[in-house]
Amino acid sequence: RPLNQALRNRFNITRKVNLPSVESMANRLLSATGSKNIDLANEVASTIVKLNTKLEEIGVNSDLSMRNAMDFISDIEDGFDTEESVMEDLVWNITTDEEDEEEIVAFLRTSTRIFNV
């Protein structure tokens, strides 16, 4: 998402960085977490792209980061409950507004397989 002018003004050099491909993000997630579950990493990377697009569409001024995704993968690999991990690692890192939360969870349930990993 766009950086505001005040933040950009604090740096001497700025670069525009595009979001990497889902495959590249999945590989980064595997490397960062030590996971060998490529299907999980691909689903999480795909969810990042889909959800961040949805957040922009609905006007939520936040996004899902690679750090959130790494936390989620680590929790799943450690045997934590998927539903709880989705909420703690993904949704509540975006918002705690109940209406936004409901819309995000509904989107995740209908547009991703993140609850079924």
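A few remarks follow.
- FRET E, pair residue 62, residue 21, Förster distance 30 Å, beta-carbon r, rounded to 0.05: 0.85
- Positive-end ranking of 51, 30, 91 along the dipole of the chain, with charges on Cβ about the Cα centre, is headed by 30.
- Using alpha carbons only: equivalent-ellipsoid semi-axes of segment 7-75, gyration tensor based, whole Å: 24, 16, 11
- Once C-alpha pairs closer than 8 Å and six or more residues apart are averaged by separation and normalised to the residue number of the chain, the relative contact order reads 23 percent.
- Square roots of 5 times each gyration tensor eigenvalue, C-alpha, segment 72-117, largest first, Å: 19, 12, 7
- Unit charges on C-beta of K, R, D, E only; dipole of the chain, Debye: 1100 debye
Taken together, the values in this text are just the output of simple stated rules run on the coordinates, not laboratory data. Computed from a predicted model, the values in this text were never measured in an experiment. Note that we place each Cβ from the backbone using ideal geometry, even for glycine, and neighbour counts take in every protein chain shown.
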